Ligand SMILES: [Zn+2]
Ligand SMILES: [Zn+2]
């Protein structure tokens, strides 16, 4: 187990108390011989199919939703997206900034609304994704194609190496976070209440929207949109776009994904400097609402200690390993 690692994959010393195991490990080698057979989890196939059919139906009845319901759908989108991007991703997977208790509670609430497995499991899978990126031990190994890295990985049993490497990670920081463990303990109930209950009942109770529209539009349609926006980071942002920071890895700078996943599309930068809270060389101004949100939280005293890669380190890296597409500003 690598603990207190203070080096990135390229030997650049990390700032502060880095103990997060999100650094690419090039010592791992995929096992020789035939790959284990693919085992489909039919329960997940049926549930995902039903969700997407429900979401498409939700799209067809969207014109019948009232304006407040549409605004509420957008609010639910942003709360659940932040629960993933600012919460499970930048805070809990990468420890790229520190959040106060009220902010962690809000982010855990948003995370349950996004219903993408609990924070503990999400962060464990995500650390394995960075550490063993695009190998058998990567849960959504993009070498297996767009469909697998987008949604397919949730429809089959995990590769044994994903499980094995996941068990070996140091997750003590997550275990010692009471908010993370509370959400894990009450996960099913929290999803029922927050992913489906709150989006459906609030518009019904406050402005008389029908429960039917509440269930299908801010409920299922919003849920499916957040899921797919997040999955695009694993699929599209590992396939299409430029690689100004490291041309030897597959993750790319994808502006469409940056827009849909509220700032998570600068993926070549993010895999090169995973400790950076902005997940981008540029701050919150450029298609990065999550960074703007964290900045706002810092300015009101709810977050602090945002980690950044220094401009000198970034430029040195651009010149050493970039693909020549880097533009300043
Ligand atoms: Zn990440
Ligand atoms: Zn990635």
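The values are calculated or read from the model by the stated rules, or taken from the named source; none is laboratory data. Fair warning: this is a prediction, and the values are worked out from it, not measured in the lab. So basically every Cβ, Gly included, is an ideal-geometry build from the backbone, and we count neighbours across all protein chains shown.
Are there any pairs with C-beta distances below 6 angstrom linking a residue in the range 235-246 that is over 23 Å from residue 313 (Cβ atoms) to a residue that is away from ligand 2 (no atom under 11 Å from the Cβ) and part of a helix (DSSP H, G or I), with the two at least 6 apart or on different chains, and if so which?
Taking only residues 6 or more apart or on different chains, the pairs are 235/146; 235/150.
Checking the structure you have, find out if any residue of the range 98-115 is within 14 Å of ligand 1 (Cβ to nearest atom) and either in contact (Cβ under 8 Å) with a residue 60 or more places away in the chain or within 24 Å of residue 222 (Cβ to Cβ) (or both).
Checked against the condition, which is being within 14 Å of ligand 1 (Cβ to nearest atom) and either in contact (Cβ under 8 Å) with a residue 60 or more places away in the chain or within 24 Å of residue 222 (Cβ to Cβ) (or both), the range 98-115 yields no hits at all.
Within the range 151-167, which residues are crowded, with 21+ Cβ neighbours inside 10 Å and closer than 30 Å to residue 78 by Cβ?
If the condition is that a residue be crowded, with 21+ Cβ neighbours inside 10 Å and closer than 30 Å to residue 78 by Cβ, then 153 is the only one that fits.
Among the residues of the range 146-160, is any over 23 Å from residue 52 (Cα atoms), more than 16 Å from ligand 1 (Cβ to nearest atom) and part of a loop (DSSP other than H, G, I, E, B)?
yes
It is to be established whether one or more residues within the range 92-111 are buried (at least 22 other Cβ atoms within 10 Å of the Cβ), under 18 Å from residue 267 (Cα atoms), within 16 Å of ligand 2 (Cβ to nearest atom) and over 12 Å from the mean Cα position of the chain (by Cα).
Yes: the range 92-111 contains one or more residues that are buried (at least 22 other Cβ atoms within 10 Å of the Cβ), under 18 Å from residue 267 (Cα atoms), within 16 Å of ligand 2 (Cβ to nearest atom) and over 12 Å from the mean Cα position of the chain (by Cα).
Restricting attention to the range 303-321, report how many residues are touching a strand residue (DSSP E or B) at 6+ places or on another chain (Cβ under 9 Å) and either under 30 Å from residue 132 (Cβ atoms) or without any contact (Cβ under 8 Å) to a residue 40 or more places away in the chain (or both).
Here the count works out to 3.
Looking only at residues that are part of a loop (DSSP other than H, G, I, E, B) and within 19 Å of residue 309 (Cβ to Cβ) in the range 248-268, which one is farthest from ligand 1 (Cβ to nearest atom)?
Ranking the candidates gives 248 first.
Scan the range 284-329 for residues that are within 21 Å of residue 258 (Cα to Cα), within 21 Å of the chain's Cα centre (by Cα) and exposed (fewer than 14 other Cβ atoms within 10 Å of the Cβ) and jot them down.
Selection gives 285, 296.
Any idea which of 116, 143 is within 16 Å of ligand 2 (Cβ to nearest atom) and either at pLDDT below 95 or surrounded by fewer than 19 Cβ atoms within 10 Å (Cβ to Cβ) (or both)?
Step by step, each of 116, 143 is checked, and only 143 is within 16 Å of ligand 2 (Cβ to nearest atom) and either at pLDDT below 95 or surrounded by fewer than 19 Cβ atoms within 10 Å (Cβ to Cβ) (or both).
Out of everything in the range 62-91 that is under 13 Å from the mean Cα position of the chain (by Cα) and away from ligand 2 (no atom under 16 Å from the Cβ), what residue ends up being farthest from residue 179 (Cα to Cα)?
Filtering first and then ranking leaves 81.
Rundown of residues vs (1) within 13 Å of ligand 2 (Cβ to nearest atom); (2) at pLDDT below 95; (3) in contact with a strand residue (DSSP E or B) (Cβ under 7 Å, 6 or more places away or on another chain); (4) not in a loop (DSSP other than H, G, I, E, B), yes/no style:
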residue	(1), (2), (3), (4)
206	no, no, no, yes
217	no, no, no, yes
230	yes, no, no, yes
237	yes, no, no, yes
246	yes, no, no, no
275	no, no, no, no
284	no, yes, no, no
290	no, no, no, yes
301	no, no, no, no
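Of all residues in the range 119-128 being within 23 Å of residue 195 (Cβ to Cβ) and crowded, with 24+ Cβ neighbours inside 10 Å, which is farthest from ligand 1 (Cβ to nearest atom)?
Ranking the candidates gives 119 first.
(1) touching a strand residue (DSSP E or B) at 6+ places or on another chain (Cβ under 7 Å); (2) touching a residue at least 40 places away in the same chain (Cβ under 8 Å); (3) crowded, with 21+ Cβ neighbours inside 10 Å: which one isn't true of residue 84, the others all being true?
Only one criterion is unmet by residue 84, namely (1).
Quick one: which residue in 189, 242 is within 16 Å of ligand 2 (Cβ to nearest atom), more than 16 Å from residue 130 (Cα to Cα) and over 20 Å from the mean Cα position of the chain (by Cα)?
The match here is 242.
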